[in-house]
Amino acid sequence: MGILKSAADLVYTIRFLKLLVTKFEDTDAFKKGIIDKDGKKNKDFNTNSTDDREAYRSHYTPFHRLVFNIKRIMAKVPGGQSAVARYGAALALIKEHGELSDGQLERIHEATGIDIMDVLMEDSKWYVLEDGNLGQGMYRMRNESLVDTGESLIRKDDQVRIYENNLIYDILGISIFEGTHLRTGKRILFSANEISK
């Protein structure tokens with residue numbers, strides 16, 4: 001029973017990570033019209049036909065809803081709209097709460113088949129120094145990345161000040177940095193592909 005449980009846990013971990021980094025538009029639920037581009041259930045989706053009911057059961061299970069809701073929640077935190085940040089955060093949580101070693105985490109990463117370079121279509125390492133930190137100075141956010149109580153706190157082109165020793169953590173090659181959002185004065189976390197000069 002222990003081996004079967006471990007195998008099932010691994011399968012769901014891999015499915016979770018793959019679905020977490022897949023854009024809503026690339027999921028079967030979106031292609032079938034069940035969810036919209038933001039991952040919310042499409043109110044116009046009709047389950048009266050047999051094909052639509054089957055699609056709904058296959059592509060919008062409680063597991064799918066859970067991952068879609070987690071993705072939407074993560075999009076509200078700094079850097080959460082980035083697939084890389086979501087993947088890194090998920091790996092960190094899995095490692096911490098699953099009490100996994102780095103080797104076990106690496107095996108899970110390899111089993112997902114997710115290549116970080118594929119996820120990081122616009123990854124920019126131009127500003128990363130030899131010590132792994134970002135160069136000090138002013139940067140701009142590429143996209144909105146934090147929504148709190150309906151008000152957008154970090155907008156596209158908002159300025160972020162980067163100080164020395166800004167590398168917070170690195171997990172499987174995904175670096176997360178810290179800076180100060182000038183408009184709000186709040187500390188924010190982000191990956192290198194979320195900023196530009």
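The values are calculated or read from the model by the stated rules, or taken from the named source; none is laboratory data. As the structure is a prediction and not an experimental result, all values here were calculated from the model. Heads up, the Cβs are rebuilt from the backbone with ideal geometry, glycines too, and the neighbour counts pull from every protein chain shown. Heavy atoms of the whole protein, side chains included, go into the accessibility calculation; ligands, DNA and RNA do not. Shrake-Rupley method; radii C 1.70, N 1.55, O 1.52, S 1.80 Å.
Just for strands (runs of 3 or more DSSP E) wholly inside region 128-197: which have at least 1 residues that are open to solvent by 80 Å² or more (accessible area, probe 1.4 Å), at pLDDT 85 or above and farther than 26 Å from residue 72 by Cβ?
On the way: elements: 137-141, 146-148, 151-154, 159-162, 167-171, 174-181, 187-190.
Output list reads 159-162.
Would you mind stating whether residue 51 is open to solvent by 50 Å² or more (accessible area, probe 1.4 Å) and closer than 24 Å to residue 106 by Cβ? I'd like the intermediate steps shown before the answer.
Details: open to solvent by 50 Å² or more (accessible area, probe 1.4 Å): yes; closer than 24 Å to residue 106 by Cβ: no.
Answer is no for this residue.
Can you go through 49, 6 and tell me which one is small (Gly, Ala, Ser) and modelled with pLDDT of 75 or more?
Values: 6 fails: modelled with pLDDT of 75 or more.
So the residue among 49, 6 that is small (Gly, Ala, Ser) and modelled with pLDDT of 75 or more is 49.
Suppose the filter is crowded, with 16+ Cβ neighbours inside 10 Å and either outside any loop (DSSP other than H, G, I, E, B) or modelled with pLDDT of 75 or more (or both); does residue 18 pass it?
Working: crowded, with 16+ Cβ neighbours inside 10 Å: no; either outside any loop (DSSP other than H, G, I, E, B) or modelled with pLDDT of 75 or more (or both): yes.
The answer is no for residue 18.
Please go through region 93-111 and pick out each residue that is assigned to a helix (DSSP H, G or I) and modelled with pLDDT of 70 or more.
If we filter region 93-111 for residues that are assigned to a helix (DSSP H, G or I), which is where we start, we get 93-98, 102-111.
94, 102, 103, 104, 105, 106, 107, 108, 109, 110, 111 - these are the residues of region 93-111 that are assigned to a helix (DSSP H, G or I) and modelled with pLDDT of 70 or more.
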